[in-house]
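Following: one structure in structure tokens, then a few remarks.
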Amino acid sequence: MVHTPESGAHPARVALRVLPAVDALGEIAILTRDAVRGCLRRPPAWSTLIDQLEHVGWRSLSIVGLTALSMGMVLALQLGNFLERFGAKMFVSRIVGVSLVREMSPILTALMLGGRVGAGITAELGTMAVTEQIDAIRALGASPVRVLVVPRLVAVM
């Protein structure tokens, strides 16, 4: 097939757009491999792990509780109005309790933790990259993945 201007993008231009994406995907795969290896070899330092567990768990408790409370109130209000038509308003508390505990709470907790903790970790590591702290860890002979990524990954899991 002969390339004509009407036949679409030039293959070299396509390659210039695709290669950086493939390169980034490869870097993500290498980081994932190194992080999993770091988790399986030996546990991270306890002090770092406890700090991350506090950050991920304890400090997130208020936002998760507030989200569950507001979702429970909205669910009770909507369900109460609906069940009132059938004379089953007395079952609202049971239905809301079961639906929150079994179905909605795990999803809401995962979303809140993913948003809050994910944004915090990203901002912290991004700031460390800008201020060249990650390069300093490398210069000292330590693995940034082992020091920074593994404790956060273990705490999130």
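Excluding ligands, DNA and RNA, what is the solvent-accessible area per residue of the chain at a probe of 1.4 Å, expressed in Å²? Ligands and nucleic acids excluded, the result is 73 Å² per residue.
I'd like to verify something in the chain: which complete DSSP H helices, judged by Cα projection on the helix axis, reach 24 Å or more and average at least 0.5 on the Kyte-Doolittle scale?
Values: long enough: 11-41 (44 Å, 0.66); 61-84 (33 Å, 1.49); 105-130 (36 Å, 1.12).
Helix filter hits for the chain: 11-41, 61-84, 105-130.
Modelled label positions at Arg94 and Arg33, each set 7 Å beyond Cα in the direction of Cβ, lie 5.5 nm from each other. Ellipsoid semi-axes for the chain, based on the Cα gyration tensor and the rule √(5λ), read 43, 30, 13 Å when sorted largest first. Protein-only accessible surface at a 1.4 angstrom probe places the residues Asp34, Asp135 in the order Asp135, Asp34, largest first. Could you work out how far apart the two model spin labels at Leu61 and Ala21 are, taking each label as a point 7 Å from the Cα in the direction of the beta carbon, and quote it in nm? Calculated label separation equals 4.4 nm. Computed FRET efficiency, Cβ-Cβ of Gln78 and Leu125, R0 41 Å: what is it to the nearest 0.05? Efficiency at R0 = 41 Å is approximately 0.55.
Can you pull out the GluC sites (Glu not before Pro) in region 94-157 that DSSP calls coil and that have at most 15 other Cβ atoms within 10 Å? Filter output for region 94-157: Glu132.
Look at where the Cα atoms of region 96-157 and of region 11-85 average out, and the two centres are 7 Å apart. Shown for the chain: the carbon plus sulfur share of the solvent-accessible area, taken with all protein chains present and a 1.4 angstrom probe, equals 68%.
Springs join every pair of Cα atoms under 10 Å in this Gaussian network model of the chain, and among Leu75, Leu19, Leu100 the largest mean-square fluctuation is at Leu19.
How large is the helix-only mean residue ellipticity at 222 nm for the chain, computed as the sum of -39500 (n - 2.57) over DSSP H runs with n ≥ 4, divided by its residue count, in deg cm²/dmol to the nearest 500? Computed ellipticity for the chain at 222 nm equals -24000 deg cm²/dmol.
Length gained on full extension, Leu40 to Arg102: 19.2 nm, using 0.36 nm per residue less the C-alpha separation. Note on the chain: dipole from Cβ charges, positive end direction compared against Val145, Ser47, Ala15; the farthest Cα belongs to Ser47.
The values are calculated or read from the model by the stated rules, or taken from the named source; none is laboratory data. For clarity, every value in this text was computed on a predicted model and none was experimentally measured. Backbone-built Cβ (ideal geometry, glycine too); neighbour counts: all protein chains shown. For the accessible areas, the whole protein counts, side chains as well, though only heavy atoms, and no ligand, DNA or RNA atoms are used. Shrake-Rupley method; radii C 1.70, N 1.55, O 1.52, S 1.80 Å.
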